[in-house]
Each structure stands twice: as C-alpha cells, then as structure tokens.
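The values are calculated or read from the model by the stated rules, or taken from the named source; none is laboratory data. Please read these numbers as outputs of a predicted model, since none were measured by experiment. Neighbour counts are summed over all protein chains in view; Cβ atoms, including those assigned to glycine, are modelled from backbone coordinates with ideal geometry. Just so you know, the surface numbers come from the protein's heavy atoms only, side chains and all, with ligands and any DNA or RNA stripped out. Shrake-Rupley method; radii C 1.70, N 1.55, O 1.52, S 1.80 Å.
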Amino acid sequence: MQLSKFSDYSFRALIYLGHKPHILCTVEELAQELHASGHHMKKVVHKLANLGYIQSQKGRNGGLRLGMEPKDINLGTVLQSTEENMSIMDCFSSKDCPLITQGCPLTAIAKTALSAFIKEFSHYTLQDIL
C-alpha cells in the first residue's frame, strides 16, 4: 500500500512541528522545508487544524504549532483521518466483481492485511518517532 501525498505531508508536517515545539512556523516554511507545494500544504494544515493536531495562530506574529502533546497524537488515528481512500483493491468499493457476492477470499485477505497495516501504525505516537 502506498500512502497518498496528503497523508505523507501530514505526517511530515507533524514531525517538523514536533521538532520545533517553541517556535511558530508558517505554511510557507512547512511547504519549503518539506518540498511540497504551498497550495497542497495549506490543505494539509487546514485538515490537521480541524482535527486539533495543529494550532493556528493568526496575525502578524502568528504561525503554526502542534495543538496536542506528541504523546497524544496516535499515528494510526492520523492515518485514518488523512488517508481518503483505504481501498487497496478496486473490489473494496466496486460491485462489478461477480466473486464479491460469493465471499471472495482475496478480498478477505486484503482487508485483513489493511487492518494489520493500520494496527501497526496505531502502536505508535508522534512522540515515539521524534
């Protein structure tokens, strides 16, 4: 499974902000440091702020910082919140496959694998990777 750029940038933004707990960063700084477009980073920051992971302070002296303690940011929860499509196979969301009504064993294996993937991320917090 390959994570979307959105999830990848979300993790990287949280790590970057976690390494700078006493400094406010800008979206532009995040984009530049993480080699992402400013437009894409704005979307990531907006989502993370809505979820409470990032705190945004407006104004001339404003910027971004973590909105939670790193020990309280579970990576599995972040993954599930930022990864829009967790369907690792087309048949997860399609009714076109005639085998799906017969309980296709491949789909069951893929769902178990996806569950294990998410569970592994859930064993860690942002603190663990800082």
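Every residue in segment 59-79 that is of a type in the set (S, T, N, Q) and either under 14 Å from the mean Cα position of the chain (by Cα) or under 13 Å from residue 129 (Cα atoms) (or both), please. If the condition is that a residue be of a type in the set (S, T, N, Q) and either under 14 Å from the mean Cα position of the chain (by Cα) or under 13 Å from residue 129 (Cα atoms) (or both), then 74, 77 are the ones that fit. The residues in segment 114-127 that are touching a residue at least 40 places away in the same chain (Cβ under 8 Å) and either small (Gly, Ala, Ser) or closer than 10 Å to residue 70 by Cα (or both) can be counted, and the count is 4. Against the numbered list (1) open to solvent by less than 40 Å² (accessible area, probe 1.4 Å); (2) out of contact with any Gly (no Cβ under 8 Å at 6 or more places or on another chain); (3) in contact (Cβ under 8 Å) with a residue 40 or more places away in the chain; (4) over 20 Å from residue 83 (Cα atoms), residue 65 comes up short only at (1). Mind checking which residues of segment 29-45 are open to solvent by less than 60 Å² (accessible area, probe 1.4 Å) and under 13 Å from the mean Cα position of the chain (by Cα)? 41, 44, 45 - these are the residues of segment 29-45 that are open to solvent by less than 60 Å² (accessible area, probe 1.4 Å) and under 13 Å from the mean Cα position of the chain (by Cα).
Matching residues to (1) touching a helix residue (DSSP H, G or I) at 6+ places or on another chain (Cβ under 6 Å); (2) at pLDDT 95 or above; (3) more than 26 Å from residue 125 (Cα to Cα):
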position: 22; (1), (2), (3): no, no, no
position: 54; (1), (2), (3): yes, yes, no
position: 57; (1), (2), (3): no, no, no
position: 95; (1), (2), (3): no, no, yes
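Meeting the requirement of 3 or more residues that are hydroxyl-bearing (Ser, Thr, Tyr), the helices (runs of 4 or more DSSP H) wholly within segment 1-76 are 5-18.
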